[in-house]
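First up is the structure itself, then whatever we jot down about it.
The values are calculated or read from the model by the stated rules, or taken from the named source; none is laboratory data. Everything numeric here is computed off the predicted structure, so don't read it as measured data. Here the Cβ positions follow ideal geometry from the backbone for every residue, glycine too, while neighbour counts run over all protein chains shown.
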Amino acid sequence: MKTMPAPRRLLVALPLLLAPPLLLAGCGWNDVRKPEKPANESAGTAAAAAAPAADPLALTVQSIDGQPVALSAYRGKAVLIVNTASECGFTPQYAGLQALHEKYGPRGLAVLGFPCNDFGGQEPGSAEEIQTFCSKEFHVSFPLFAKVVAKGEGQSPLYRELTERTPAGIRGPIKWNFTKFLLDPSGKVVARFEPAVKPEDPRVTSEIEKVLPQQAM
């Protein structure tokens, strides 16, 4: 398989201080987003009736090898969906995602990585290059999927579900790489973590622990 060119490795090593001003300013993001409670019960009931709840796990996607994967295979697990990139200031978060996979996988967490080139063109590689890079640099063993379009024209059905059909407080456009969506075992989206929130952040792990299908012994 092809090895990653030296300039690509260099970009990954750049400190976050060299990230675009967009990231440093934070764009006014709320770091951790959860569904907002409706102002009153009747309003919440009407909204629920008007718009069916998102169900990302009803979709079929492609693996990074181009094979169809029914996300329903992950129903019954806690699921963390992340749009990833290989040349981003946040790329070292692959290590944290792998750590979550190793720690919580046996208790029912599935970490799913969806490479995306929408933000700064920071995932230009082929499927083979992405696989090689993730394996060599971060020993990634959680599932990776084919590149997705997370915003704008050609947006993938998965990211339409996550950004347009989720409750207020969670829905809204993806602003950068490594935005994280947490689903409970039924497929309901229960939290969203913006890119600057590292996978090992206690705010992430505490929300994961709340929805794990298997409790610690």
Filter pass, Gly113 being free of Cβ contacts under 8 Å to residues at least 60 places away in the same chain, out of contact with any helix residue (DSSP H, G or I) (no Cβ under 6 Å at 6 or more places or on another chain) and not charged (D, E, K, R):
yes
When restricted to Leu182, Leu162, Leu158, the only residue part of a strand (DSSP E or B), of a type in the set (A, V, I, L, M, F, W, C) and surrounded by 21 or more Cβ atoms within 10 Å (Cβ to Cβ) is Leu182
The condition from (1) more than 17 Å from the chain's Cα centre (by Cα); (2) at pLDDT 95 or above that Leu80 misses is numbered (1)
Only one of Leu144, Leu162, Leu183 is touching a residue at least 60 places away in the same chain (Cβ under 8 Å), farther than 23 Å from Cys88 by Cα and touching a strand residue (DSSP E or B) at 6+ places or on another chain (Cβ under 6 Å), namely Leu183
Exception for Gln122 within (1) assigned to a loop (DSSP other than H, G, I, E, B); (2) in contact with a helix residue (DSSP H, G or I) (Cβ under 7 Å, 6 or more places away or on another chain); (3) of a type outside the set (A, V, I, L, M); (4) within 25 Å of Gln62 (Cβ to Cβ) falls at (2)
In the range 118-141, anything touching a strand residue (DSSP E or B) at 6+ places or on another chain (Cβ under 9 Å), crowded, with 19+ Cβ neighbours inside 10 Å and more than 25 Å from Glu209 (Cα to Cα) is listed as Asp118, Phe119, Gln122, Glu123, Gly125, Ile130, Cys134
Of those in the range 94-112 that are of a type in the set (Gly, Ala, Ser), more than 13 Å from the chain's Cα centre (by Cα) and part of a helix (DSSP H, G or I), the residue nearest to Ala196 (Cα to Cα) is Ala95
